[in-house]
Amino acid sequence: MIGSDERELRTASLRLAAQFALIIVGLFVALGVVVFSVVSAGQVEAAQRALSDASMVDSVHDAPRDLLVTVVGPEGRDSSPNLPEGLPDEAALQNVLRRGGSQSGIVEAGGQRYLTETDVRRGKVVQVSYGLGEQQEELNRLLVALVVSGFIATLAAAGIGLVVARRSLRPMAEALSLQRRFVADAGHELRTPLTLLSTRAQLLRRHVAREPAAADDELLSGLDEIVDDSRALTEIVQDLLTAADPRQTAESEGVDLGELAAAVVRSAEGSIQERGIRVEAEAGSGALVTGAPVSLRRMIVALLDNALDHARSRVQVTVAYTGDAVTLSVEDDGPGFSAGVESRAFERFATSRDAQAGTERGRHYGLGLALVAEVVTRHHGTVDASNRPAGGAVVTVRIPRRS
């Protein structure tokens with residue numbers, strides 16, 4: 001692949017790898033939250049169970065090592081040795097002494113959190129405290145482990161995603177590169193004969209103009225049309241090259257869609273007369289849009305050709321604007337669209353011949369309407385197809401109006 005295609009492949013691979021890494025981070029964060037919550041809840045349950053197991057303790061000497069006990073009785077107060085500053089919880093002791101019952105809560109003492117429970121046992125007020133420091137350290141270690149493992153998993157996911165993305169995208173990138181080279185080569189090969197054709201037509205036109213007695217108006221008009229058509233073909237080739245490569249953008253300018261539609265109808269007069277179909281064009285003033293004239297001309301030509309292919313006797317081209325949109329509609333009095341086919345009319349090689357097997361001729365769309373849809377999309381518009389109440393089909397294009 002060429003350098004630009006390789007850069008696009010690298011950029012797309014990095015983007016996919018980053019997205020994959022973000023997904024892994026999201027999943028790991030969710031998993032970490034669940035694990036942290038479960039472990040934290042288990043530690044709280046273990047602390048409450050330890051306090052519950054000490055429900056019969058009413059003496060400092062009977063308390064397990066991991067419990068700190070304070071007993072207030074008729075003979076006085078007795079506490080576990082080396083109580084940290086902040087224990088016992090005097091407020092809880094006084095409340096239970098006055099009101100009875102039990103009271104539990106978490107107390108900060110000596111830089112550590114303690115789960116305390118104060119109640120009355122055998123005429124004594126007993127306060128049992130369970131240190132939560134070890135549990136907090138376990139939670140901190142778990143949090144560090146989750147962060148480190150998540151960081152490693154993210155790097156691994158990004159690396160694996162980058163490798164997988166490059167391997168997956170390379171065939172598609174090579175196919176797109178091959179397509180671009182084919183279109184560029186075809187465009188290059190077509191430009192030369194089209195340029196020669198245009199040059200020869202112009203030279204012939206000048207030669208005939210120098211001898212007006214040897215030429216009639218029809219010949220001069222025909223030569224002018226050849227010059228215009230060769231120039232239009234050259235522009236179409238360039239537009240196809242632009243459409244085939246999304247990295248290129250055509251220059252946009254103000255285009256009067258009504259005038260462009262009228263010009264397309266005039267250029268197709270020869271084909272219209274041969275078919276014996278009446279084409280009426282109606283265009284209001286001010287139907288100005290922003291876009292590429294060549295692309296918009298291709299769109300109108302495709303719509304007109306599709307209508308002429310299926311019309312019995314009449315085609316109507318109407319351009320108008322309402323509000324902030326310019327509307328182009330092309331109607332014909334042909335067989336119309338089969339039921340349910342309107343939504344597929346803009347697909348490549350779409351057809352309704354099978355659906356209309358009993359009729360003399362089904363409606364076939366080929367590439368024309370698909371190209372119309374592509375041009376409309378590039379101009380930020382919409383297109384739809386439907387059947388006319390009086391019979392026949394109508395294709396309507398709406399493009400934002402140029403302010």
### Task
Grab the beta carbon distance between Glu174 and Leu233, set R0 = 41 Å, and tell me the FRET efficiency rounded to 0.05.
0.85
### Query
In region 106-170, with Lys and Arg counted as +1 and Asp and Glu as -1 at Cβ, which of these residues, Ala157, Leu115, Leu143, has the Cα nearest the positive end of the dipole, that is, farthest along it?
Ala157
### Exposure of Ser149 as accessible area (Å², to 10), given a probe of 1.4 Å and all protein chains
40
### Query
Of Leu27, Val96, Gly86, which is farthest along the charge dipole of region 24-115 in the positive direction, counting Lys and Arg as +1 and Asp and Glu as -1 at C-beta?
Leu27
### Message
Let's test the formula: R0 of 60 Å, r as the Cβ-Cβ distance of Ser285 and Glu108. What FRET efficiency results, to the nearest 0.05?
### Response
0.15
### Summary
FRET efficiency (Leu143, Glu85; Cβ distance; R0 25 Å; to 0.05) is 0.35
### Relative contact order %, region 37-151, counting alpha carbon pairs below 8 Å whose residues are six or more apart
25
### Query
Using 7 Å Cα-to-Cβ label points, what is the Ala50/Val164 separation (nm, one decimal)?
4.4
### Message
Per residue of region 127-136, what does 6.51 cos²θ - 1.76 cosθ + 1.60 with θ = phi - 60° give for ³J(HN,Hα)? Whole Hz please, x for Gly and Pro, Karplus curve as stated.
### Response
10, 10, 10, 10, x, 9, x, 4, 5, 5
### Query
When averaged across all projection directions, what area in nm² does the alpha-carbon convex hull of region 131-174 cover?
3.1
### Message
Is there a quick way to get the dipole size of region 1-160? I mean about its Cα centre, with the Cβ of Lys and Arg at +1 and of Asp and Glu at -1; what is the value in debye to the nearest 20?
### Response
280
### Task
Run the numbers on region 253-331 and let me know its relative contact order in percent, using alpha-carbon pairs under 8 Å that are six or more apart.
38
### Task
Go ahead and collect, in residue order, the members of region 291-316 whose backbone nitrogen is under 12 Å from a label point 7 Å along the Cα-Cβ direction of Ala390.
314-316
### Task
Starting from the Cα-Cα distance between Glu225 and Phe151, subtract it from 0.36 nm times their residue separation and give me the gain in nm to one decimal.
19.8 nm
### Query
What share of all Cα pairs of region 66-131, in percent, falls into each consecutive 5 Å distance bin?
4, 20, 33, 26, 14, 4, 0
### Query
If the viscosity is 0.692 mPa s and the temperature 37 °C, what translational diffusion coefficient in µm²/s does Stokes-Einstein give for region 280-341 when Rh comes from Kirkwood over Cα pairs?
253
### Message
Take Leu97 and Thr377, extend 7 Å from each Cα along the Cα→Cβ direction, and tell me the distance between the two endpoints in nm.
### Response
8.2
### Message
Which of rounded, prolate or oblate describes region 248-325 when judged by the alpha-carbon gyration tensor and an a/c cut-off of 1.5?
### Response
prolate
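The values are calculated or read from the model by the stated rules, or taken from the named source; none is laboratory data. Keep in mind that what you see is a predicted model, and the values were worked out from it rather than measured. With ideal geometry, Cβ positions are generated from the backbone for all residues, glycine too; neighbour counts draw on all protein chains shown. Note: areas computed on protein heavy atoms with side chains; ligands, DNA, RNA excluded. Shrake-Rupley method; radii C 1.70, N 1.55, O 1.52, S 1.80 Å.
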